[in-house]
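Nothing in this text is a laboratory measurement; each read-out follows from the coordinates by a stated rule. No experiment lies behind these values; they were computed from the predicted model shown. Methodologically, a virtual Cβ is constructed for each residue, glycine included, from the backbone with ideal geometry; neighbour enumeration extends over all protein chains shown.
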């Protein structure tokens, strides 16, 4: 059983027609059903590989890119506009990593005008990565905090580590001060908060993760 990676993927371009065409194609494939038997149902990533990259990269061959996972969307993928770029986004659940290679191959073949940005989380191996070279979509998602205090779970994203620290300091029962966090990195901040939380209740915990900016070919 793999660890599952949750990814938010944005496709963007100044070419509105290309973005609309790609969006419509994703919806068409989603609604068309399985190209081969699979355990994911509609949205299986292999359907996109088989339809848009077959026969060279068909999932029945050894040449196919990794595609163990599914695409999820719950509406008609509305278009947005960021800094002059038309865009839409999808969510995927994939085994171990974000599996961006298949999307790169699809875009190179059919929609070279379109670029990709993504943010991916795989908590089992503490993988928190993103690719957003133009800072259009995930510029404020640099740190992720999650914690449980007295069976109450909370999580959020922050632009800076100071934002994370200020959130921790708002939990006054921890009894922590800003001076205790001076010069600390994300891991050390989490350790301090976690230790203080466990003194209150051994089931309490804190975790802080810093997103690493990666290149697309580092995110398979």
Cα-projected label distance for residue 146 with residue 27, points at 7 Å along beta-carbon direction, nm: 3.2 nm
Folded to 0 to 90 degrees: helix 101-110 orientation relative to the chain principal axis, Cα: 40 degrees
Reference-scaled alpha-carbon Rg (2.2 N^0.38 Å with N residues) for the stretch 1-131: 1.01
Between 0 and 90°, nearest 10: helix 186-200 axis offset from the chain longest Cα axis: 60 degrees
Computed log₁₀ I(q)/I(0) - Debye formula, equal Cα scatterers, no solvent, the stretch 110-168, q 0.13, 0.17 Å⁻¹: -0.46, -0.69
P(r) weight above 23 Å for the chain, C-alpha pairs, percent: 53 percent
Average Cα contact separation per residue, the chain, under 8 Å, 6 or more apart, as relative contact order %: 22 percent
Shape box of the stretch 169-219 [Cα atoms, principal axes, largest first, Å]: 44, 26, 16
Helix 16-32 vs. the chain, principal-axis angle (Cα, 0 to 90°, nearest 10): 90 degrees
